[in-house]
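Comments concern the structure below.
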Amino acid sequence: MQPEADSRSYTLGGFVQDKINFDLDSHNFAVIPGVRVVHQSTKPENLSDLAANSSVLSESSVANLYGKNSDTQVLPSLTFQYDLTPRLMTYLQYQRGAQFPNASQLYGPWNLGSSYAGSQQYALIGNTDLKTETSDNLEWGLKGEVTEGITLRTALFYNSYKNFIAYTRYTRANNPGQFTNVPSNIYTIYQAENRDKAYIYGGEISTKFNFGTWFEQVDGLSATLALAIAKGNRKSSYSGDKYVDLDSVAPMKAIVGRGMGRSGETLRHRPGRRPLSKGNRRPPPTAKSYSNSGSAITDASSDYMRVPGYGMLDWTAYWQVAKNVRLNGGVYNLTDRKYWDYLSSRNIETGTNQDANDKALAVMPGRTWQLGVNVDF
């Protein structure tokens, strides 16, 4: 069976932007206004294919679940830039953002036509009533060369979302109204929904030190440091709901790297992607106890796996064999560290043998190798 309905989507957009420069005491100051207009229209197709070979799903029941979705958004932006030095700039920017629902969020009925798990049968379903997720994004930062040999890029941001799209877990016993068009053998669903309010704030900093700038003996030696921290909260429209942690925000991560380059060849040592990651446990889905009576929503009882933090070491190198030919390769997760990725493992529970199997299957790859060649024509 197909994982989701076929669909056809059209996106049209256009933008206008200008940059106005001023001289402020021999420092350049720029104002950059802009506006973007975007329209998207999506509709499902070939719904009969979705119900093929299923004993519990029919084309009519799928048609009752899924319809057309379209919207138009006007997105203004405004940026201020100021050159502190000829090589270092600070900026403050506002951007209105929009994220249209994608095909999986609209028509993604993964497992909807299956019947193999008895009372444990679950499905991930889409929602064509989704509204476009909009955001107001404010960011301040610095980027450029602080002094000779040291480059810096840093930013602080605050993003406020309306109609934030996330998945909510519902059970047939507690939320029968959510199962009107769902096959009777499905007892748990995860459905894409709009949260009325959500916000994410945080900061990131990355810097590179070129030691050869100060010590000729180590020309080509460099070090890279990077850190990213973000925090998010969300609140649904249910009466009595409150702000809770936004589980789709990744934990703190850091990168520490070292590189060495020489004429004709380059050898670089660095940790890999997200090499240092803080452990975290996703919050329970309190919205599944929704009654909309105005009383406080009770805490959910689900016990999710705490995804442990981890550190990894990668080694990569490349050699410029000829002007147009470069060999590159690397060993990733050099110490063969066993670890889990938070964003892909945060929904794993801990109460059953199946949960233990899911945890074992979610382990990320161990030590791996890569070798490639780039030829520029």
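The values are calculated or read from the model by the stated rules, or taken from the named source; none is laboratory data. All of these numbers come straight from a predicted model, not from anything done at the bench. Positions of Cβ are generated from backbone atoms using ideal geometry, with glycine treated the same way; all protein chains shown enter the neighbour counts.
Let me spell it out: the conditions are (1) among the aromatic types (F, W, Y); (2) closer than 30 Å to I150 by Cβ; (3) surrounded by fewer than 16 Cβ atoms within 10 Å (Cβ to Cβ); (4) free of Cβ contacts under 8 Å to residues at least 60 places away in the same chain, and Y243 meets all of them except one. Which number is the exception?
(2)
If I filter the range 195-223 down to residues being within 30 Å of N163 (Cβ to Cβ) and of a type in the set (A, V, I, L, M), which single residue comes out as surrounded by the most Cβ atoms within 10 Å (Cβ to Cβ)?
Ranking the qualifying residues of the range 195-223, first place goes to A198.
What residue, among those in the range 302-321 that are in a strand (DSSP E or B) and of a type in the set (A, V, I, L, M), is farthest from D341 (Cα to Cα)?
Among those that are in a strand (DSSP E or B) and of a type in the set (A, V, I, L, M), it is V321.
Could you identify the single residue in Q105, Q81 that is polar (S, T, N, Q) and at pLDDT 95 or above?
Q81
Pick out the one residue from G232, G257, G261 that is closer than 26 Å to S206 by Cβ, at pLDDT below 80 and in a strand (DSSP E or B).
Step by step, each of G232, G257, G261 is checked, and only G261 is closer than 26 Å to S206 by Cβ, at pLDDT below 80 and in a strand (DSSP E or B).
What number of residues within the range 355-377 satisfy the criterion of being free of Cβ contacts under 8 Å to residues at least 12 places away in the same chain and either in contact with a Ser or Thr (Cβ under 7 Å, 6 or more places away or on another chain) or surrounded by 12 or more Cβ atoms within 10 Å (Cβ to Cβ) (or both)?
Of the residues in that region, 2 qualify.
Suppose we filter the range 340-377 for residues that are more than 25 Å from Y190 (Cβ to Cβ) and either touching a Gly at 6+ places or on another chain (Cβ under 8 Å) or not in a strand (DSSP E or B) (or both); how many remain?
Matching residues across the range 340-377 total 9.
For the range 322-334, what are the residues that are among the basic types (K, R) and in a strand (DSSP E or B)?
Passing the criteria: only R326.
Is it the case, given these coordinates, that T134 is in a strand (DSSP E or B), under 21 Å from the mean Cα position of the chain (by Cα), modelled with pLDDT of 90 or more and not basic (K, R)?
So T134 passes the test.
Among the residues of the range 342-353, which ones are over 22 Å from L246 (Cα atoms) and in contact (Cβ under 8 Å) with a residue 12 or more places away in the chain?
Scanning the range 342-353 gives a single hit, G351.
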